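Chemist: Encoded as structure tokens, here's the structure I'll be asking about.
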Amino acid sequence: SEVFLNGQFMPAQAAQISVMDRGYLFGDGVYEVIPVYAGKAFLLAGHLARLQRSLDGIDLKNPLDNVSWQTLIQDLIARNQGGDQAVYLQITRGSAPQRDHVFPPAVLPGIFMMSNPLKPIPEHWLKTGIDAITVPDIRWQRCDIKAISLLANCLMKQQAEAAGAQEALLLRAGRLTEGAASNTYVFLDNVLITADTGPEILAGITRELVLQLAEEAGLKVSLRMATEAELHRADEIWVSSSTKELIPVTKLDGKRVGSGSPGPVWQDLFQRFQNKKQEVQA
Ligand code: PLP
């Protein structure tokens, strides 16, 4: 595949960076994942706005304006033959002559972008739902920044994998923040509960859309973290992300969620999600 590295397109095998890059040494950088349907980036404006917020959060100047980002992303998609893709882009604080925690005075940020075919969502995930486990949210206190330093997320996701589950739902002080790589929704007593934006969660672009669809569906929404007790009493649980859309969780910590099958409210929102994809891409 063709990737973009520091101003140039090249084959992935040719892309190399310095071991002194602060992304490599410190995880000092931010990223975005943007879904592409039929060759067109989905909800791109939201992703670029969040990228700016992440950059502001780590005090790194955006190396490009949004029109340039748009052009580069379109070019990358075309060079990878269009269709359904997932664009990954990251910006690091670049390299300095020496390893020093303090920012180097003159920084030339490192820009890397790649795009891979979007993995289709397994049919049975939609038919029967996925399994999830709860784990302590061991991340730092700026989860609103989409930072490339994802060690905690990797550890928690691996814990889910080892338990035969597909996602880890994260508990901080007895409350559900989000998933290891997703936002989370609890539908209980006819109310949709999802964490409000803030430092404890990543403001998912898919979450924004789900909330818009929930409003269109006339659902009652409570923007707060569900308690662990509510989570275990939930009628429905869902997770959302750019590459997974909206997935029902039907087993939590080995026990069935609600009826044990994807629920009617998920069904309705999932359908609305598909309609929105069609509409926006048309
Ligand atoms: N929360 C975390 C921790 C994530 O890693 C992700 C994305 O993978 C999300 C939420 C969902 O965000 P988005 O819908 O913008 O992909």
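Chemist: Which ones in region 226-251 are over 29 Å from Pro117 (Cβ atoms) and surrounded by 21 or more Cβ atoms within 10 Å (Cβ to Cβ)?
Modeler: The answer is Ala226, Leu231, Ala234, Glu236.
Chemist: For residues that are assigned to a helix (DSSP H, G or I), among the small types (Gly, Ala, Ser) and touching a residue at least 40 places away in the same chain (Cβ under 8 Å), scanning just region 33-60, find the one that is nearest to the ligand (Cβ to nearest atom). Give the derivation first.
Modeler: Filtering region 33-60 for residues assigned to a helix (DSSP H, G or I) gives 44-57.
Now drop any that are not among the small types (Gly, Ala, Ser), which leaves 45-46, 49, 54, 57.
Subset that is touching a residue at least 40 places away in the same chain (Cβ under 8 Å): 46, 54, 57.
Numbers: Gly46: 8, Ser54: 11, Gly57: 14 Å.
Looking at the filtered set, the residue picked out is Gly46.
Chemist: Determine if region 207-221 includes at least one residue that is without any contact (Cβ under 8 Å) to a residue 40 or more places away in the chain, outside the structural domain of Leu89 (by TED's automatic domain parsing), of a type in the set (D, E, K, R) and buried (at least 20 other Cβ atoms within 10 Å of the Cβ).
Modeler: yes
Chemist: Does region 149-162 include one or more residues that are away from the ligand (no atom under 16 Å from the Cβ), assigned by TED's automatic domain parsing to the domain that holds Phe270 and more than 14 Å from the chain's Cα centre (by Cα)? Give the steps one after another, and end with the answer.
Modeler: Narrowing region 149-162 to residues away from the ligand (no atom under 16 Å from the Cβ): 162.
Keeping just the survivors that are assigned by TED's automatic domain parsing to the domain that holds Phe270 gives 162.
Those still in the list that are more than 14 Å from the chain's Cα centre (by Cα) too: 162.
Yes, the conditions are met somewhere in region 149-162.
Chemist: Within region 96-121, track down each residue that is aliphatic (A, V, I, L, M) and more than 20 Å from the chain's Cα centre (by Cα).
Modeler: Going residue by residue through region 96-121, those that are aliphatic (A, V, I, L, M) are 96, 102, 106-108, 111, 113-114, 118, 121.
Hits for region 96-121 are Ala96, Val102, Ala106, Val107, Leu108.
Chemist: Can you tell me which residue within region 4-32, out of those that are assigned to a strand (DSSP E or B) and crowded, with 17+ Cβ neighbours inside 10 Å, is nearest to the chain's Cα centre (by Cα)? Even if it seems obvious, please write down each step before you answer.
Modeler: Just the residues of region 4-32 that are assigned to a strand (DSSP E or B), to begin with: 4-5, 8-11, 21, 29-32.
In the following step, the residues that additionally are crowded, with 17+ Cβ neighbours inside 10 Å were identified as 4-5, 21, 29-32.
Working: Phe4: 21, Leu5: 22, Asp21: 24, Gly29: 16, Val30: 12, Tyr31: 10, Glu32: 8 Å.
In this case the residue turns out to be Glu32.
Listed here are the residues, each with its yes/no results for (1) aliphatic (A, V, I, L, M); (2) surrounded by fewer than 19 Cβ atoms within 10 Å (Cβ to Cβ); (3) more than 30 Å from Gln13 (Cα to Cα).
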| residue | (1), (2), (3) |
| --- | --- |
| Ile111 | yes, no, no |
| Pro117 | no, yes, no |
| Ile130 | yes, no, yes |
| Arg142 | no, yes, yes |
| Val186 | yes, no, yes |
| Asp189 | no, yes, yes |
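Chemist: Return a yes/no flag: does region 74-95 have any residue that is more than 22 Å from the chain's Cα centre (by Cα), over 21 Å from Gly204 (Cα atoms) and free of Cβ contacts under 8 Å to residues at least 60 places away in the same chain.
Modeler: Within region 74-95, the subset more than 22 Å from the chain's Cα centre (by Cα) is 75, 78-79, 81, 94-95.
Subsequent filtering for residues that are over 21 Å from Gly204 (Cα atoms) retains 75, 78-79, 81, 94-95.
Imposing the further condition that a residue be free of Cβ contacts under 8 Å to residues at least 60 places away in the same chain reduces the set to 78, 81.
Yes: region 74-95 contains one or more residues that are more than 22 Å from the chain's Cα centre (by Cα), over 21 Å from Gly204 (Cα atoms) and free of Cβ contacts under 8 Å to residues at least 60 places away in the same chain.
Chemist: Within region 210-222, how many residues turn out to be within 15 Å of the ligand (Cβ to nearest atom) and more than 13 Å from Trp238 (Cβ to Cβ)? Walk me through it before giving the result.
Modeler: From region 210-222, those within 15 Å of the ligand (Cβ to nearest atom) are 210-214; that's our starting set.
Those left that are additionally more than 13 Å from Trp238 (Cβ to Cβ): 212.
Final tally of qualifying residues: 1.
Chemist: Considering only region 169-176, I want to know if a residue exists there that is more than 10 Å from the ligand (Cβ to nearest atom), more than 15 Å from the chain's Cα centre (by Cα), more than 27 Å from Asn275 (Cα to Cα) and charged (D, E, K, R). Give the steps one after another, and end with the answer.
Modeler: To start, the set of residues in region 169-176 that are more than 10 Å from the ligand (Cβ to nearest atom) comprises 169, 171-176.
Going one step further and asking which of them are more than 15 Å from the chain's Cα centre (by Cα), we end up with 171-176.
From the residues that got through so far, the ones that are more than 27 Å from Asn275 (Cα to Cα) too are 171-176.
Of the ones still in play, those that are also charged (D, E, K, R) are 172, 175.
Looking for residues that are more than 10 Å from the ligand (Cβ to nearest atom), more than 15 Å from the chain's Cα centre (by Cα), more than 27 Å from Asn275 (Cα to Cα) and charged (D, E, K, R), one finds at least one in region 169-176, hence yes.
Chemist: Examine region 73-91 for a residue that is outside the structural domain of Asp253 (by TED's automatic domain parsing), among the polar types (S, T, N, Q) and touching a helix residue (DSSP H, G or I) at 6+ places or on another chain (Cβ under 8 Å), and state whether such a residue exists.
Modeler: From region 73-91, those outside the structural domain of Asp253 (by TED's automatic domain parsing) are 73-91; that's our starting set.
Keeping just the survivors that are among the polar types (S, T, N, Q) gives 74, 80-81, 85, 90.
Add one more test, that the residue is touching a helix residue (DSSP H, G or I) at 6+ places or on another chain (Cβ under 8 Å), and what stays is 85, 90.
Looking for residues that are outside the structural domain of Asp253 (by TED's automatic domain parsing), among the polar types (S, T, N, Q) and touching a helix residue (DSSP H, G or I) at 6+ places or on another chain (Cβ under 8 Å), one finds at least one in region 73-91, hence yes.
The values are calculated or read from the model by the stated rules, or taken from the named source; none is laboratory data. No experiment lies behind these values; they were computed from the predicted model shown. In this analysis, Cβ positions are derived from the backbone assuming ideal geometry, glycine residues included, and neighbour counts consider all displayed protein chains.
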